[in-house]
There are 2 protein chains.
Amino acid sequence: MRARILIRPKAAILDPQGQTVQRALAALGFDGVANVHVGRLIELDVDDPAQLEAMCETLLANPLIEEYEIVSDPSGDPTTP
Amino acid sequence: MRARILIRPKAAILDPQGQTVQRALAALGFDGVANVHVGRLIELDVDDPAQLEAMCETLLANPLIEEYEIVSDPSGDPTTP
């Protein structure tokens, strides 16, 4: 089964990469951009989706400073145009 | 409006980060994992969603080696559990 994992910095944690992107967008003339956050996207085929949370906790995300969201079967959602 | 951009290496491009994660998962005892790809997740508030494609082309993604997917209003999709 295909699964997608979205990993982002926790809300309380500084996101310097997001701030940099936000400033760069403004410098390029894109106005009205705010609250930019940069995280990671991991997509994988997994036989046992019940393992995904353990994978996130032990390797894929850093639970101290990141939150993760597991999306099983991403093809079933409207994120695919 | 909140928007989410998913950026991944193009299918024809080597993804060493994905290969490394796949090997590390196997080494940790997670079996049945395949086709791991690591990309980037960018979330931002934008006044004019029509600008998102230009933002991706000029700053957020590298169109030579990456493909991007723009998800407007991600709260409206079932990726949020």
For this session: Take every residue in peptide B:26-35, count the Cβ atoms of other chains within 10 Å of its Cβ, and give the average of those counts.
Result: 5
For this session: Report, for B:S75, each distance to the same residue's label point in the other copies, shortest first and in nm; define the point 7 Å along Cα→Cβ.
Result: 3.0
For this session: Mind pulling the angle between the C-alpha long axis of helix B:16-27 and the longest principal axis of chain B? Nearest 10 degrees, somewhere in 0 to 90.
Result: 50
For this session: Count charges around B:V38 for me, please; just the other residues with Cβ under 11 Å from its Cβ, Lys/Arg as +1, Asp/Glu as -1.
Result: +1
Seminar exercise, completed: Here the correct list, in nm and shortest first, of distances from A:N62 to the same site in the other copies, label points 7 Å along Cα→Cβ, is 2.3
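Note down the magnitude of the dipole of chain B about its Cα centre, charges +1 on Lys and Arg C-beta and -1 on Asp and Glu C-beta and zero elsewhere, to the nearest 20 debye.
Once rounded to the nearest 20, the dipole reads 440 debye.
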Exercise. Taking the label point 7 Å from Cα in the Cβ direction, how far apart in nm is B:A26 from each other copy of itself, listed shortest first?
Worked result: 4.7
For this session: Using only the alpha carbons, work out the radius of gyration and Dmax of region B:2-76 in angstrom.
Result: 15.1, 46
Seminar exercise, completed: Under the rule rounded for a/c under 1.5, else prolate if a/b exceeds b/c, else oblate, using alpha carbon gyration tensor axes a ≥ b ≥ c, the protein assembly as shown is classed as prolate
Seminar exercise, completed: If R0 = 35 Å, then B:I65 and A:M1, at their Cβ-Cβ distance, give a FRET efficiency to the nearest 0.05 of 0.80
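Laboratory data are not the source of any read-out in this text; all were calculated from the coordinates shown. Quantities reported herein were computed from a predicted structural model and do not represent experimental measurements. Every residue, glycine as well, gets a Cβ built from its backbone with ideal geometry; the counts of neighbours run over all protein chains shown.
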